[in-house]
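A.B. asks: The structure that follows is given in the form of structure tokens.
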Amino acid sequence: MIKSFFALAAALVLLVSCEEPPTAITDSSPVYSGRMTVLYEGEEFVQNGISVKAEFHDGGSMVDIMLQKVKFVPAMPLRIDVTIMDIPVDKAADGSMTFAADGVVPWAMGGLYDTYRVDELYGTVSGDDISFSLDFFNTKKGEGYPTSYQGQMNGE
């Protein structure tokens with residue numbers, strides 16, 4: 001268990017990025033503040049005050065989601081940014097949006113980081129609220145880390 005924890009922590013530390021992803025998350029991108037929950041080894045790790053930016057592009061038919069300064073386990077030595085790119089968006093008549101994707105490699109460390117894959121991503125944006133769930137799947141270990149987020153636009 002401890003060996004597994006340190007392997008996950010070490011791998012996630014490598015996700016620290018010095019470069020921006022190809023689709024720039026800009027200062028005008030909507031910023032949400034909320035709660036992220038990660039299920040790791042049967043226990044929930046909850047973080048409040050996590051910022052998420054959403055960059056809609058291609059006429060609003062796609063979105064890039066950046067989780068800012070997150071930790072995936074309590075003992076992770078630093079917080080990292082992770083971007084999930086090119087997620088298809090469906091718009092409803094009431095103005096709400098849903099987005100979903102499977103098998104997306106996240107952007108980190110100046111490039112795509114294929115040790116982890118985003119599976120079963122599903123989310124909604126309605127008014128000033130965003131929520132989504134996904135599974136960060138470790139492709140080397142063959143196990144996933146269910147993650148959820150609920151946030152509200154904070155006007156940054």
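What follows draws every value from the coordinates through simple rules; no lab data is involved. Predicted model only: the values in this text are computed from it and were never measured.
A.B. asks: May I ask which of K71/K140; K69/K91; K53/K91 have a Cα-Cα span longer than 22 Å here? Could you put the intermediate results ahead of the total?
C.D. replies: Values: K71/K140 20 Å; K69/K91 29 Å; K53/K91 18 Å.
Checking Cα-Cα distances, K69/K91 exceed 22 Å.
A.B. asks: While we're looking at this one, here's another question. Give or take rounding to whole Å, what are the principal axis extents of the alpha carbon atoms in segment 77-156, in descending order?
C.D. replies: 42, 26, 22
A.B. asks: Continuing with this model, one more query. Using amide H atoms built 1.01 Å from N in the peptide plane, name the residues 5+ places from K69, or on other chains, whose amide H lies under 5 Å from its own.
C.D. replies: I80, D81, V82
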